[in-house]
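Take a look at the structure below.
Just so you know, all these numbers are worked out from the coordinates, no wet-lab data involved. Since the structure is predicted, the reported quantities are computational estimates derived from the model, not experimental observations. Cβ atoms come from the backbone with ideal geometry, glycine included; neighbour counts cover every protein chain shown.
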Amino acid sequence: MTIDAPSAMPGIDHVVILVRDLDAAEAAFRRLGFQPTPRGFHSIGTQNHCLMFGSDYLELLSVVTPHPVTAYFSDFLTRREGAAAIAFASDDADATWRGFVDRGIAADPPVDFARPVEQPGGKQDARFRVVQLPVDVTPGCRAFVCQHFTPELVWLPAYQAHPLGVTGIAGLDIVSADPEAAARSYARVVGTAAGAVKAEAGWFRVPLQGADFRFGPLKDATEPGPRIEALRLTVSDVDGAASALASRGVAVEPDPASGWSVAATEAMGVRLVLVGAGQPDRHRIGD
């Protein structure tokens, strides 16, 4: 099964995990073997800790002061915690926004915000521009495009090495009552190099640079969908990571695709699947 698709999106910039208690979330991910960045304070009323990898990252985010830009996040947190948003990378958010509009996707106009970052010479502002997509085109999450004006203040080398050995985001698993329709919708948004949605053993796959999306059926009627059910993370040593987690008292479970996974109850509402192999850096700090 193939479908026509627009020019490909550059890839995933980061995935947002929404939490109600940011201190608890930081502690939970330290226990899992991550090294979170210091707490960040955004100009739009959110606070975060980031788990930085070579070319992408996870963002633990809490809404402290409501803001129109984060209304979806506030609503999500009334229901649960977990992976709630995907940020796609862009070097030109304005051009990306115009491209969405030209294709009939009613993306919000670009919005700028910032957060201060401690540096040896004093605080500097990490600056961003985002374009939010309508939630109906990416079932299960809020998707947006993120342009970094100051990547050197975000990809800090001191925070890119993690005891667990995680090196990047391999992909996401999204479950839906109609996974094929969800896959088609994402393909329309992100595009693929081959313009293809692949059907594989009851799952539908949308490839993306450096990662991919898998769409499958809802397994548990008590859990609402669509939703991001799992994040697949690349690690330098899958079995070593599983052993390290067990030594920290973290339950690991067999995963048919990779070998091991961490239950959502251990990771603020989203299952973490450990996979082998790495991906190339997109942001090379210090160039």
Using a/c under 1.5 as the rounded threshold, could you call region 166-275 rounded, prolate or oblate? The axes a ≥ b ≥ c are square roots of the C-alpha gyration tensor eigenvalues, and prolate needs a/b larger than b/c, oblate otherwise.
oblate
Taking the alpha-carbon centroid of each part, what is the distance from region 28-83 to region 149-209 in angstrom?
18 Å
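In the chain, what % of DSSP beta bridges are antiparallel (nearest 5)?
Numbers: 51 of 72 bridges.
Antiparallel bridges make up about 70 percent of those DSSP assigns within the chain.
Less than 13 Å Cβ to Cβ from VAL117, Lys/Arg counted +1 and Asp/Glu -1: what total charge do the surrounding residues give? List each step's numbers first, then the result.
Values: positive: ARG39, ARG115, LYS123, ARG127; negative: GLU118, ASP125, GLU152.
Charge balance in the 13 Å sphere: +1.
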Relative contact order (percent) for the chain, with alpha-carbon contacts under 8 angstrom and 6 or more residues of separation?
22 percent
With Cα Rg over 2.2 N^0.38 Å as the read-out, I listed [x] 1.01; [y] 0.95; [z] 1.09; which label goes with the value calculated from this structure?
[y]
Given charges at beta-carbon only (K, R positive; D, E negative), |dipole| of the chain in Debye:
160 debye
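Viscosity 1.306 mPa s, temperature 10 °C: what is the translational diffusion coefficient of region 12-159 from Stokes-Einstein with a Kirkwood Rh over Cα pairs, rounded to a whole number of µm²/s?
Details: Rh = 15.8 Å.
D = 101 µm²/s.
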Applying the Karplus parametrisation 6.51 cos²θ - 1.76 cosθ + 1.60 with θ = phi - 60° to the phi angles of region 59-74, what ³J(HN,Hα) value in whole Hz is obtained for each residue in order, glycine and proline being reported as x?
10, 8, 10, 10, 8, 8, 10, x, 8, x, 5, 10, 4, 4, 5, 4
Residue-averaged 222 nm ellipticity for the chain, from DSSP H runs of 4+ at -39500 (n - 2.57), nearest 500
-5500 deg cm²/dmol
